[in-house]
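Report on one structure; see the data block that follows.
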Amino acid sequence: MERLQKVIAQAGITSRRKAEELMIEGKVTVNGKVVRELGVKVTPNKDKIEVNGVPIDREEPVYYLLYKPSGVISSVSDDKGRKVVTDFVQEIEQRLFPVGRLDYDTSGLILLTNDGEFANILMHPKYKIEKTYVAKVKGIPSRDELKKLQYGIMLEDGKTAPAKVKLMSMDKKKQTSIVRLTIHEGRNRQVRRMFDAIGHSVIKLKREEYSFLNLRGLNPGDARQLKPIEVKHLRELAVTKPS
Ligand code: URA
């Protein structure tokens, strides 16, 4: 017997957290009965589980790395008809969803999978997966301002964890700079808010690295399947790096 939300996540419908939301909303049935309680356990191959009236069946797990262009939503659909990350892997029959999110205006590396358990592991705040961003910002941050980013800066949802910061280049005439920032938290709009907090707002933002993965060989809009060894390595990172 397994928890219902875990079985739904493993079936590739969505993440476990989203599955819980679907349950609470009354969109999940087991043997024809709506189940809203999160503690309910089921036997996957015996109980008939449906989400939005559609039976779930276990899919082969697949893992993709996408170079998300800016101007794309990190979601599987958009009610305003804007492009979404899954538009870039349309030939895949599995129902993929993004691991975490990048802002609409942010480009860069994002993982897509149908494996809800894998996504949950990587997104869990206790597993400090490093993410490296390259930001073009207004003005030229001083050493002290960069140190604030490095040691942690107070945002409205608390102080940020220590980060790696490097001023890559500056354009004195245009009064802009390129800064490389590595963080392992994943708060909403965190990088933009960190730069806002030192008075150098972000003009352009790209995520270049996610742990040991990078965008080498890819152009915006390109996706590639992760190698089995990369999937294994990501799982191991999460398992061996609890705080
Ligand atoms: N931080 C941001 O501000 N935006 C992103 O898309 C990712 C991290």
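The values are calculated or read from the model by the stated rules, or taken from the named source; none is laboratory data. Everything numeric in this text was worked out from a predicted model, so none of it was measured. Neighbour counts are summed over all protein chains in view; Cβ atoms, including those assigned to glycine, are modelled from backbone coordinates with ideal geometry.
Every residue, every condition in (1) touching a residue at least 60 places away in the same chain (Cβ under 8 Å); (2) in contact with a strand residue (DSSP E or B) (Cβ under 6 Å, 6 or more places away or on another chain); (3) not in a loop (DSSP other than H, G, I, E, B), yes or no:
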{"residue": "G199", "(1), (2), (3)": "yes, no, no"}
{"residue": "I203", "(1), (2), (3)": "yes, yes, yes"}
{"residue": "N219", "(1), (2), (3)": "yes, no, no"}
{"residue": "R235", "(1), (2), (3)": "yes, no, yes"}
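The condition (being over 23 Å from the mean Cα position of the chain (by Cα), farther than 16 Å from L65 by Cα and more than 11 Å from the ligand (Cβ to nearest atom)) is satisfied by just one residue among L149, L167: L167.
This table checks each residue for (1) under 22 Å from D144 (Cβ atoms); (2) surrounded by 15 or more Cβ atoms within 10 Å (Cβ to Cβ).
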{"residue": "M194", "(1), (2)": "yes, yes"}
{"residue": "I198", "(1), (2)": "yes, yes"}
{"residue": "S201", "(1), (2)": "yes, no"}
{"residue": "L205", "(1), (2)": "no, yes"}
{"residue": "E208", "(1), (2)": "no, yes"}
{"residue": "R216", "(1), (2)": "no, no"}
{"residue": "P220", "(1), (2)": "no, yes"}
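If the condition is being in contact (Cβ under 8 Å) with a residue 60 or more places away in the chain and within 16 Å of the ligand (Cβ to nearest atom), then region 94-113 contributes G100, L102, D103, D105, T106, S107, G108, L109, I110, L111, L112.
Exactly one residue out of A135, A161 is more than 20 Å from N214 (Cβ to Cβ) and small (G, A, S), and it is A161. Being of a type in the set (G, A, S) and either within 16 Å of the ligand (Cβ to nearest atom) or at pLDDT 95 or above (or both) is a property that G116 lacks. The residues in region 56-90 that are outside any strand (DSSP E or B) and farther than 25 Å from V7 by Cα can be counted, and the count is 12.
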